[in-house]
Amino acid sequence: MPGVAFVAHCLLNQNSKTDGGARCPGIYSPLVDELRARGWRIEQMPCPELAFTGLNRFWAVKEQLDTSAYRRHCRRLAAAVAGAVELHVRRGDDVILVGIEGSPSMGVHVTSSDPKRGGRPTWPEGTDELSPGSGIFMEELTAELAERGVQTPRAMGIRHQLPDHDAQAEQAALAELMEAG
Amino acid sequence: MEGDERGFRVALVSGELLNPAPGALDAMPVLVEEDWGAIQLPAADYPADVAAPLLDQAAEQAEEFARHGYRLAVVGGHEGLAEALERHGVQPPPQIDPTSASELRSFLLAAGR
């Protein structure tokens, strides 16, 4: 088997997106197809925001979610995912993580940040909340793996909610990530 | 919630039907064609201590969709799923152990109405 890709929940279930964010009815197939075409096994991670702030949640930046309660929630979910990642790593499988760039929870290299955002959910047009860094779930997953002595797998984030999204470049990046093992 | 492309249909699907062995039924293309999202159930080759918390998370997420009136279905299944759904207050969704793509397609069409 070429490897195991642990993917963000919404890659297989766009219904979990914040209202306005779903790009298709269910499975976001371009990247799923890319993984499957290369024989990679797919394992879905949970959507940490879905079970905490629910389907009617507002779009949020990292500071709005970064409470001790949300971190405990993410750590509980991450512990379960880390158990599966550890199992595959100990078996000798190549493992990658595929998150969601720009997400306050699932961002890998890009998250969202605005320390002033709060209250009534409106903000000045053009406010740019994207910022370098990882989301809260990804931070907790990394910490959980470190506690288990498991190196964090290679990772990338899907960029489909970023303004510079380029579907072809994204597929190429995923292919490169798979081949880098 | 009507502001995007979501299908309001979510299937809890056996890992083996999303990562099928050669020659086995592949549920993924049918789910895509019928506009269903998927919550993946733990793989059958995971030991119980790895599978149990993943199964509980799947049920917890299903509850949020059920609460908002999304259509739910179970494709395949997993030992302990019924109990996990019950713990989270989710009524048992329609379920199928599909033997063919056409059988699965018919089931999803009916379950999605």
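Values quoted throughout were computed directly from the atomic coordinates according to the rules given, and no laboratory measurement underlies them. All of these numbers come straight from a predicted model, not from anything done at the bench. Here Cβ is always computed from backbone atoms with ideal geometry, including for glycine, and neighbour counts include all displayed protein chains.
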In segment A:140-152, what residues are under 19 Å from A:GLY181 (Cα atoms) and within 13 Å of the chain's Cα centre (by Cα)? A:THR142
Select, from A:VAL150, A:VAL95, A:VAL110, the only residue that is within 17 Å of A:PHE6 (Cβ to Cβ) and touching an Asp or Glu at 6+ places or on another chain (Cβ under 8 Å). A:VAL150
Residue among B:ARG71, B:ARG87 that is surrounded by 16 or more Cβ atoms within 10 Å (Cβ to Cβ) and more than 13 Å from B:SER14 (Cα to Cα): B:ARG71
Within segment A:8-47, how many residues turn out to be in contact with a strand residue (DSSP E or B) (Cβ under 6 Å, 6 or more places away or on another chain), more than 16 Å from B:SER14 (Cα to Cα) and β-branched (Val, Ile, Thr)? 0
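Of A:HIS73, A:HIS88, which residue is within 12 Å of chain B (Cβ to nearest Cβ), over 28 Å from B:GLY7 (Cβ atoms) and not in a loop (DSSP other than H, G, I, E, B)?
Only one candidate passes the filter, namely A:HIS88.
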Which residue, of A:GLU176, A:GLU139, A:GLU170, is outside any loop (DSSP other than H, G, I, E, B) and more than 27 Å from A:ASP33 (Cα to Cα)? A:GLU139
Which one of these does A:PRO48 not meet: (1) without any contact (Cβ under 8 Å) to a residue 12 or more places away in the chain; (2) in contact with a Cys (Cβ under 7 Å, 6 or more places away or on another chain)? (1)
